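A quick write-up on the structure given underneath.
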């Protein structure tokens, strides 16, 4: 069953959260910020799991109905011991996103190490084996999200350089011929002073292609007297010139409201890393709650597009 929250666009699943640490078949601290996709008739979640040392790894979960998931018995992606990656993943691999391009599932993730954070890219064909491809950015850059097709013959990725130590963080776009070397970077969206995302912004879920443009959910962070609040907005990017915004929500469309979204290791956070568009136009949004568990909300894509058009 579903219940409607005070923001009428989204409907939270009544049984939220759908995955918590009690569902992980080995000791851990929390589970949150899961990538999502469909593969071979099943729903796939790639979970960020924080272990008892405080470092994160990625574990797979599978479901027939998109609600009840079976979590694998062991991690799928651990911080690498390859000298090329180890210094940059030493403190963990975090916040994955999954984008299917031409039958291959590409996974972007945040590599966290003593030098800061970087965007890593890997791939799989069947969620059995995982192959790292590269570290695609310099340090102090995260929230990497790939577009599901090439544009102008190039791969396209949104990232968020900056936004650390209280500094401003903007959403940028970059282009690549091979997924490894990125350039042509430019700003797409910047925080609005005093607004709900006044401190920093970041892309959340991989873009969804629509007739109106590329639909992207993004998060905005606002500092308050009792800490930061993470909320969600939506924007439409031009299909051929994705650095151009064609429309966006003038207000946040999803925000922490329930106890499980407001209470946890990092309070007042909703953070989607995965969205699955169903054939009937319903988007299943899988989101982390307070860095403590994973929840599900659904929305009709036409309702989101309508807000972005206004």
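Scan region 212-234 residue by residue and report those that are touching a helix residue (DSSP H, G or I) at 6+ places or on another chain (Cβ under 7 Å) and within 27 Å of residue 291 (Cα to Cα). Quick ask: steps written out before the conclusion?
First, the residues of region 212-234 that are touching a helix residue (DSSP H, G or I) at 6+ places or on another chain (Cβ under 7 Å): 212, 215, 234.
Selection gives 215, 234.
For region 153-169, which positions are in a loop (DSSP other than H, G, I, E, B) and within 11 Å of residue 242 (Cβ to Cβ)?
Step one: list which residues in region 153-169 are in a loop (DSSP other than H, G, I, E, B), which gives 153, 163-168.
Passing the criteria: none in range.
Consider region 262-287. How many of its residues are in contact (Cβ under 8 Å) with a residue 60 or more places away in the chain and farther than 18 Å from residue 11 by Cβ?
Selection size over region 262-287: 4.
Can you report the number of residues in region 159-187 which are at pLDDT 95 or above and either more than 22 Å from residue 223 (Cβ to Cβ) or surrounded by 12 or more Cβ atoms within 10 Å (Cβ to Cβ) (or both)?
Restricting attention to region 159-187, the residues satisfying the condition of being at pLDDT 95 or above are 159-161, 170-187.
Of the ones still in play, those that are also either more than 22 Å from residue 223 (Cβ to Cβ) or surrounded by 12 or more Cβ atoms within 10 Å (Cβ to Cβ) (or both) are 159-161, 170-186.
Of the residues in that region, 20 qualify.
Taking the condition of being farther than 15 Å from residue 137 by Cα and part of a helix (DSSP H, G or I), how many residues in region 80-95 meet it?
Residues meeting the conditions: 1.
Within region 29-74, count every residue that is in a loop (DSSP other than H, G, I, E, B) and either more than 17 Å from residue 112 (Cα to Cα) or in contact (Cβ under 8 Å) with a residue 60 or more places away in the chain (or both). Steps first, please.
Initial filter on region 29-74 (in a loop (DSSP other than H, G, I, E, B)): 29, 40-41, 51-55, 64-69, 72-74.
With either more than 17 Å from residue 112 (Cα to Cα) or in contact (Cβ under 8 Å) with a residue 60 or more places away in the chain (or both) added as a condition, the list becomes 29, 40-41, 64-69, 72-74.
Counting residues in region 29-74 that are in a loop (DSSP other than H, G, I, E, B) and either more than 17 Å from residue 112 (Cα to Cα) or in contact (Cβ under 8 Å) with a residue 60 or more places away in the chain (or both) gives 12.
Condition first: closer than 15 Å to residue 205 by Cβ and in a strand (DSSP E or B). Now tell me which residues in region 137-152 satisfy that. Outline the logic, then answer.
Filtering region 137-152 for residues closer than 15 Å to residue 205 by Cβ gives 142-148.
Result: 142, 143, 144, 145, 146.
Tally the residues that are within 19 Å of residue 55 (Cβ to Cβ) and either touching a strand residue (DSSP E or B) at 6+ places or on another chain (Cβ under 7 Å) or outside any strand (DSSP E or B) (or both), restricting the search to region 109-136.
First, the residues of region 109-136 that are within 19 Å of residue 55 (Cβ to Cβ): 109-120, 122, 130, 132, 135.
Okay, now just the ones that are also either touching a strand residue (DSSP E or B) at 6+ places or on another chain (Cβ under 7 Å) or outside any strand (DSSP E or B) (or both), so 109-112, 114-115, 117-120, 122, 130, 132, 135.
Summing the residues that are within 19 Å of residue 55 (Cβ to Cβ) and either touching a strand residue (DSSP E or B) at 6+ places or on another chain (Cβ under 7 Å) or outside any strand (DSSP E or B) (or both) in region 109-136 gives 14.
For the subset of region 219-234 comprising residues that are under 15 Å from the mean Cα position of the chain (by Cα) and farther than 17 Å from residue 16 by Cβ, which member is surrounded by the fewest Cβ atoms within 10 Å (Cβ to Cβ)? Write out each step before concluding.
Of the residues in region 219-234, the ones under 15 Å from the mean Cα position of the chain (by Cα) are 219-221, 230-234.
Right, trim to farther than 17 Å from residue 16 by Cβ and you get 219-221, 231, 233-234.
Numbers: 219: 25, 220: 23, 221: 19, 231: 22, 233: 24, 234: 22.
The residue in question is 221.
Only one residue in 139, 145, 156 is farther than 20 Å from residue 104 by Cα and either crowded, with 20+ Cβ neighbours inside 10 Å or in contact with a strand residue (DSSP E or B) (Cβ under 8 Å, 6 or more places away or on another chain) (or both), so which one is that?
Values: 145 fails: farther than 20 Å from residue 104 by Cα; 156 fails: farther than 20 Å from residue 104 by Cα.
None of the others qualify; the one that does is 139.
Each row is one residue, and each column tells you yes or no for (1) within 15 Å of the chain's Cα centre (by Cα); (2) closer than 16 Å to residue 288 by Cα.
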{"residue": "15", "(1), (2)": "no, yes"}
{"residue": "42", "(1), (2)": "no, no"}
{"residue": "53", "(1), (2)": "no, no"}
{"residue": "62", "(1), (2)": "no, no"}
{"residue": "65", "(1), (2)": "no, no"}
{"residue": "77", "(1), (2)": "no, no"}
{"residue": "89", "(1), (2)": "no, no"}
{"residue": "96", "(1), (2)": "yes, yes"}
{"residue": "108", "(1), (2)": "yes, no"}
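Just for strands (runs of 3 or more DSSP E) wholly inside region 235-310: which have at least 1 residues that are surrounded by 20 or more Cβ atoms within 10 Å (Cβ to Cβ) and either modelled with pLDDT under 95 or out of contact with any helix residue (DSSP H, G or I) (no Cβ under 8 Å at 6 or more places or on another chain) (or both)? It would help to see each step written out before you state the result.
On the way: elements: 245-248, 270-277, 282-289, 293-300.
Where strands (runs of 3 or more DSSP E) fall fully within region 235-310 and carry at least 1 residues being surrounded by 20 or more Cβ atoms within 10 Å (Cβ to Cβ) and either modelled with pLDDT under 95 or out of contact with any helix residue (DSSP H, G or I) (no Cβ under 8 Å at 6 or more places or on another chain) (or both), they are 270-277, 282-289, 293-300.
Which ones in region 54-91 are surrounded by 15 or more Cβ atoms within 10 Å (Cβ to Cβ) and more than 24 Å from residue 17 (Cα to Cα)?
Residues satisfying the conditions are 78, 79, 80, 85, 88, 89, 90, 91.
Among the residues in region 195-209, are any touching a residue at least 60 places away in the same chain (Cβ under 8 Å), surrounded by fewer than 22 Cβ atoms within 10 Å (Cβ to Cβ) and part of a strand (DSSP E or B)?
Here is the first cut: in region 195-209, the residues touching a residue at least 60 places away in the same chain (Cβ under 8 Å) are 202-209.
Those still in the list that are surrounded by fewer than 22 Cβ atoms within 10 Å (Cβ to Cβ) too: 208-209.
From the residues that got through so far, the ones that are part of a strand (DSSP E or B) too are 208-209.
Checking region 195-209: at least one residue is touching a residue at least 60 places away in the same chain (Cβ under 8 Å), surrounded by fewer than 22 Cβ atoms within 10 Å (Cβ to Cβ) and part of a strand (DSSP E or B).
The values are calculated or read from the model by the stated rules, or taken from the named source; none is laboratory data. Owing to the predicted nature of the structure, the values given are computational and were not obtained by experimental measurement. As a convention, Cβ positions derive from the backbone with ideal geometry for all residues, glycine included, and neighbour counts pool all protein chains shown.
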